[in-house]
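Comments concern the structure below.
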Amino acid sequence: MTNTIDQPVLAMEIVTEGSQATICLAGEVDVAVAADLAALGALTASSEAVEAIVLDMSSVSFIDCAGIGALIAIRLAARERFVDVRLRGITPAVDKVLGLTGLKPVFATTADTTERC
């Protein structure tokens, strides 16, 4: 007998173009992956070559409070290095949680819909 536990998965990829790093996210941003996402964002922000980080949320199906915490951690780490952080492709699931937490005005968004991960 084999027991399988389905664990939420978040795919993360960094695409760099010039001084902008886009962190492409696909899946669920929850407590299982929040620390990894925050660490990836902080590492990206610490790069001398990065002046802006775009978090592409267009393939995010779920986000919880730990995921929101990871976004805040990325924003704070970037702010220390004067790196701009923007969200792109906010899905209804992400929009709802940002609205409920009152964090919509905290995160700048980009209306760029031409590029997706």
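Each reported figure results from applying straightforward, stated rules to the coordinates on display, with no laboratory input. Nothing here was measured: the structure is a model prediction, and the numbers come from that model. We place every Cβ from the backbone using ideal geometry, glycine too, and count neighbours over all the protein chains shown.
Structure data summary
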item: Sites matching chymotrypsin sites (Phe, Trp or Tyr not before Pro) across the stretch 20-117 that sit in DSSP coil, with at most 13 neighbouring C-beta atoms within 10 Å; result: F82
item: Degrees between helix 92-101 axis and first principal axis of the chain (Cα, 0 to 90, nearest 10); result: 80 degrees
item: 0 to 90° range, to nearest 10: angle between helix 65-80 axis and the chain longest Cα axis; result: 20 degrees
item: Charge context of A35, other residues only, Cβ under 15 angstrom, K/R +1, D/E -1; result: -4
item: D_trans [Stokes-Einstein, Kirkwood Rh over alpha-carbon pairs] for the chain, 25 °C, 0.890 mPa s, µm² s⁻¹; result: 171 µm²/s
item: Listed residues G102, A11, L87: farthest to the positive end of the dipole of the chain (Cβ charges); result: G102
item: Nearest 10 degrees, 0 to 90: helix 34-45 Cα axis against the chain principal axis; result: 20 degrees
item: Summed residue charge, Cβ within 13 Å of L87's Cβ, Lys/Arg positive, Asp/Glu negative; result: 0
